[in-house]
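The values are calculated or read from the model by the stated rules, or taken from the named source; none is laboratory data. Because the structure is a prediction, the values reported are computed rather than measured. Glycine gets a Cβ as well: all are built from the backbone with ideal geometry, and neighbour counts include every protein chain shown.
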Amino acid sequence: MTKANYVLSSLVVRRSSVFMLKLFLVRHGESAWNVKHLYTGQQDVPLSALGELQAQRVAEKFAAFDVAALYASPLKRAQDTAKPTAHSKNLSLRLDARLAEIHHGAWEGNPAAVIQEQYANEYAAWRTQPHRVKMPDGESLEDVSLRVQDFLQDLVAEHQDGNVLIVTHDAVLRVIVLKMLLMGLEFFWRWRFDNASVSIIERVANHHFRLASLNDCQHLEGVYTNCDAQAL
């Protein structure tokens, strides 16, 4: 068995349970650089004023839920999206560096138009074959996948059931969904995650996982951000 297959197989929970584990995947609210359409990566950019309102809406969405644990990327825009929910649920916010956004390296701080011009070949590959790209001075999707798989292995080992919230970033959310559904990184662009959206992955009776909800934005009426123009 390869190392990758071993890590994936470790995501399978072998204990039968009448309860279901649900992972609520939350993208951070709109950031100051999302507004400017800049690649952000691991730059520690705060939420915009609209992003702060979106974070409150996320907390309101989960007001009626029992929440077993709340994890977040340590980057400020993810932390500040998670904090209102943590406060309202009286939960400790568990920060985990493995949930940080992909390191865009030399692209960070630049708009897509600049990257298309200065890194034309790399940008074209990123949009068509993202699993084959390593960001200049940054990470590849395989790098992100390895840390995400490690995080998921630990999470599933600790949480046999219940509702677990994970507040993180666009690229990380894409990889989480792919890994939980046992899909390859070449399908990276098949998903969409708007700011402060909520998606759900749940464990089913055969101990595998399924996608129950994708990019739910109903709680964002009046404060919605369309991610189409963002540098992703």
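If I filter the range 18-39 for residues that are modelled with pLDDT under 50, farther than 16 Å from Phe151 by Cβ and either crowded, with 18+ Cβ neighbours inside 10 Å or out of contact with any helix residue (DSSP H, G or I) (no Cβ under 6 Å at 6 or more places or on another chain) (or both), do I get at least one hit?
Yes, the range 18-39 contains a residue that is modelled with pLDDT under 50, farther than 16 Å from Phe151 by Cβ and either crowded, with 18+ Cβ neighbours inside 10 Å or out of contact with any helix residue (DSSP H, G or I) (no Cβ under 6 Å at 6 or more places or on another chain) (or both).
Considering Ala171, Ala196, which residue is within 15 Å of the chain's Cα centre (by Cα), touching a residue at least 40 places away in the same chain (Cβ under 8 Å), closer than 24 Å to Thr85 by Cβ and assigned to a loop (DSSP other than H, G, I, E, B)?
The conditions single out Ala196.
What pairs come out if I take residues in the range 45-62 that are in contact (Cβ under 8 Å) with a residue 40 or more places away in the chain and within 14 Å of Tyr224 (Cα to Cα) and pair them with residues that are of a type in the set (Ser, Thr, Tyr) and buried (at least 17 other Cβ atoms within 10 Å of the Cβ) whose C-beta lies under 7 Å away, six or more apart or interchain?
From residues that are in contact (Cβ under 8 Å) with a residue 40 or more places away in the chain and within 14 Å of Tyr224 (Cα to Cα), the pairs are Leu50/Thr225; Gly51/Ser31; Ala55/Thr81; Val58/Thr81; Val58/Thr85.
Under 6 Å between Cβ atoms, at least 6 apart or on separate chains: pull out the pairs that start in the range 20-36 with a residue that is at negative phi and in a loop (DSSP other than H, G, I, E, B) and end on any residue that is surrounded by fewer than 24 Cβ atoms within 10 Å (Cβ to Cβ) and among the polar types (S, T, N, Q).
Correct list of pairs: Glu30/Ser48; Glu30/Thr225.
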